[in-house]
Structures are given as structure tokens and as C-alpha cells.
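Structure first, commentary second.
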Amino acid sequence: MRLTDSKVKGLRAKGSRYIEWDDGCPGLGVRVSVAGKRSFIYMFRFEHRARMMTLGPYPTLTLSDARGKASMARGKVEKGVDPGLELTTGKKAVREAYTVMNLVEDYIERHAKRKKRSWKEDERVLNKDVIPRWGRRKAKSITRLDVVNLLDEVRDRAEARGGKGVQANRTLEIIRKMFNFAVGRSILEHSPCLVIERPAKENRRDRVLSEKEIKIFWENINKCRMEAGTRLVLKLQLVTMQRKGELVQIEKADIDLKSRWWTQPKEKVKNNQAHRVWLTDMAMEIIEKAMEISEDSRWLFPGRVEDKFITPQAVDHALRKVQINDTRQNLVDIFKIPRFTPHDLRRTGATHATGAGVSRFIIGKVLNHIDQSVTGRYDLHEYDAEIQQALETWARKLEYILIGEKGKLISLQRK
């Protein structure tokens, strides 16, 4: 058949691998694997022997570009050059010269920045733990034992500080993705991360602050040694139940103070789905205070670096630090309750709102969870009214929790 973009796109997997040839370009074909993956190949004869070379995967390589590559390969054959051998030699040269530093740079620029909202965390981890150890080494020289030893160091370091070593699991995930990226681009033939298990045990987090603990948090957060904006982020997370990574990225333009809706553009949302959050009186008070201290910044919670917002990691670190007792570092646990994280505040709000009568389905809408059911894919209702009602219900419950002995709401303490 004469291949077209729609025909290539429509090729489906069969019981075994097969090739569809392009009548419009002699020697060009699409190889379809049992898993349904499609790759362009070029078949030619060189020195009386049939040869085949892989041009690239579809849709990364378009049909038009594949025809161009096939035409170039045909021209080399006519000149007495084996294009398959030339390609293999070129890839081998790349593998021989490619360092881990090169791999990190390519992975961040060509994969992480394009496909991961958390690419800065990937960059941070790689710069901290990978480049200092392996940066100048050839990427192909990294072994499974190298990876295991690095992960052991990361875990031991975390445990020495009183942690559980789960950062080693995050590090493994990032390194594995980076080496898979290298294999996918023919930089490496194999990943050294194969069959490596997570070095640290992870327990499903279920920390929910009790009503008493919520009150302790609210009464003591302003006593903590942390930036004023960080305190407000933590309060707003409890009040709105939104993700920390989306809270820190609030731009003032995202908030309509008159209508009292905060609109999260899909570019800033973890699930790439735009979201609207109703701002209760408590949320509005926090936002007004943030507007005041952020002055002329476009960010509601500006960081120390010019035109940057507070990083999620900075919020984590600030809260973790005020829950440590260490006389040597003059650190005192402010709250004196079981340790909790910023994400636990989101879970706490959702749990108590459900207890106050809000349905789990609507809580899912407040949290901006994607409904994967068939009905969810067809249901395009905005749920603004339901989200507003849910957040107002939680606000009333939270206000009740925070009522002092004299019946007055504990102030946000505008100091």
C-alpha cells in the first residue's frame, strides 16, 4: 500500500511482528511490534546481501521525514556506502564519548522539562547526588552496583538525620527514568537500573490531624521560625485543601477578588486539568494578608529569588525544621504533636469535610482528582456550586474547631 499518516496511525498489533511496505518509497516500511509500537525501517541490498536498518520510531519520526531518511540512505548505497553500518558506527561513537554529565543535561532538556512539572526536583537530585559522583564517567560505564551504592548513601544519609530513607526511592525513580531515556535514544543499550528494588520501605501515609491538633497547629504556626509567606501557604492548604505545588504558584492574576474564585490554569496543575477554587472568608483573609506582604510581585507567595515563587521544597523543609528537637542546633518542636507534612494538611481538610457531611465525590472535585470512570469522561459539568458549598461547609467546621473559650475565632495574627 501507499502509506499515509492516517494509515500509519491506524496500524494495529497482530499475533506476531509484521511490516507494511510503502509503495510510494521503495524499501521503506513500518514495522509493527506485538505490543503495537511502530518504527520505520529501510530495506536495501549492499554487496549482494539484503540489509535492513531502523530509521526511527513513529510518531517521533514522521512519515515525511522517514521518506527523506530512506532517500538519503538510497543515495549512499548508490555511492557504495553502507548506510546501516554508518548508522551503527555513529551510535557506537556516541556511546563511547557520552558522559553522565552529558546524559543529565540531555535528560533535563529533552525529557524532564517537556514532560514533567516536577523537572526542577529531578534537576536538584541529579545535581546533588549523581553529577558529583559520576559526572565525568562514561554513561555506559555505570553498573548496577554503582546505582545500588549511590542509593545506599542517600538512604544512610537520610536515616542519620532521623528520616526513613524514602528519598532514596525518589532518587531511584529519577535515575531509572534518565537511563530509560538514554536507552530509548540509543545512547545506551541497557539500563543499569534493571531489577533494582526500592531501597526503603514506604508506608501509605494516613496522617490526619485531629480537631485538637488542628487547633494546636493554627495557634502555633505564627510562632514558627519561617517566612511569613510560608506560614500563609500552610494555612491556605488546610483551608482550601489544594496541592502545595499549586498553592505556591498562585499568581495574583489567577485570583478574582470580586467573584472570590481562584482559577488554576491547566499549565500549573499536576493533572493538567484546569481547576476553580472557591475562596471562603478564611481563605480571603489569608490571601489579603499575602497580597499585602508580597507587595508588587506578580506571585502571591514570592520566594527570595527575584521573580520566583516559594518552592514546594522550601515549604516542606520549613515545616519539618520546626518539628525537630535538637538542642545542639537550638531547634525546638513548636507543635509537640506527632509529625505531619504539608500534604497531611490537605488530607486533614478532606477528611474533616467528609465528616461534616460533604460527599466523597464532591471532595474529589474540590481536590481536583480525575474521575477515571466511563461516566466521568462524559460528565462535563463544572461543579462550581458544589465546590463552593463544600468549601463553605469545611470553613464552618474549621471555624467551630478554632473557636476560643470566649466564642471568638482565633485570629490569623496579622503580625
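Tell me the label-point distance for the pair N102, K308, using the 7 Å Cα-to-Cβ offset, in nm and rounded to one decimal.
2.9
Going by the alpha-carbon gyration tensor, a ≥ b ≥ c the square roots of its eigenvalues, is the stretch 100-255 rounded (a/c under 1.5) or, if a/c is not under 1.5, prolate (a/b greater than b/c) versus oblate? Intermediate results must be reported in sequence, preceding the final value.
On the way: a/c = 2.68, a/b = 1.79, b/c = 1.49.
Prolate, since a/c reaches 1.5 and a/b exceeds b/c.
Let me know the shape class of the chain, please: from the alpha-carbon gyration tensor, a ≥ b ≥ c as square roots of the eigenvalues, rounded when a/c is under 1.5, otherwise prolate if a/b is greater than b/c, or oblate.
Taking the square roots of the gyration eigenvalues as a ≥ b ≥ c, the chain is prolate.
For an R0 of 51 angstrom, estimate the FRET efficiency from the Cβ-Cβ distance between H317 and S186 and round to the nearest 0.05.
Details: r = 39 Å, r/R0 = 0.77.
Between H317 and S186 the formula returns 0.85.
Express the accessible area of the chain per residue in Å², computed with a 1.4 Å probe while the remaining protein chains stay in the model. Each step should come with its number before you reach the end.
Numbers: 23800 Å² over 415 residues.
On a per-residue basis, the chain sits at 57 Å².
Helix 144-160 sits at what angle to the longest principal axis of the chain, using alpha carbons and giving 0 to 90 degrees rounded to 10?
The angle comes out near 10 degrees.
How would the stretch 5-131 be classified by its alpha-carbon gyration tensor: rounded, prolate or oblate, with rounded meaning a/c under 1.5 and the a/b versus b/c comparison settling the rest?
Since a/c reaches 1.5 but b/c is at least a/b, the shape of the stretch 5-131 is classed as oblate.
Give the carbon-plus-sulfur fraction of the accessible surface of the chain in %, rounded to a whole number; probe 1.4 Å, heavy atoms of protein chains only. Spell out each step's value before the answer.
Values: 12030 of 23800 Å².
Carbon plus sulfur share of accessible area: 51 percent.
What distance in nm separates the simple spin-label points at R157 and A13, each placed 7 Å from Cα in the Cβ direction?
With each label point 7 Å from Cα toward Cβ, the separation is 4.0 nm.
Arrange the peptides 118-124, 10-16, 239-245, 30-36 so that the one whose residues have, on average, the most other Cβ atoms within 10 Å appears first.
Listed from highest to lowest mean packing, they are 239-245, 118-124, 30-36, 10-16.
Tell me, what is the 1.4 Å probe accessible area of K177, in Å² to the nearest 10?
Result for K177: roughly 90 Å² accessible.
Multiply the residue separation of D333 and T354 by 0.36 nm, subtract the distance between their alpha-carbon atoms, and state the gained length in nm to one decimal.
Here the answer is 4.6 nm.
Extending each Cα 7 Å along its Cβ direction at Y400 and E78, get the distance between those two points in nm, one decimal.
In this crude label model, Y400 to E78 measures out at 8.3 nm.
How much FRET efficiency would the formula 1/(1 + (r/R0)^6) give for M52 and D296, where r is the Cβ-Cβ distance and R0 is 60 Å, rounded to 0.05?
The pair M52/D296 has a calculated efficiency of 0.45.
Determine the gain in length on full extension of the stretch R2-K128; use 0.36 nm per residue of separation and subtract their C-alpha separation, reporting nm with one decimal. Each step should come with its number before you reach the end.
Values: separation 126, 0.36 × 126 = 45.36 nm, distance 5.15 nm.
Length gained between R2 and K128: 40.2 nm.
The values are calculated or read from the model by the stated rules, or taken from the named source; none is laboratory data. Since the model is a prediction, treat every value here as computed from it, not as a measurement. No Cβ is skipped: glycine too gets one built from the backbone with ideal geometry, and neighbour counts run over all protein chains shown. Please note that ligands, DNA and RNA were not included when accessible areas were found on the heavy atoms of the full protein model with its side chains. Shrake-Rupley method; radii C 1.70, N 1.55, O 1.52, S 1.80 Å.
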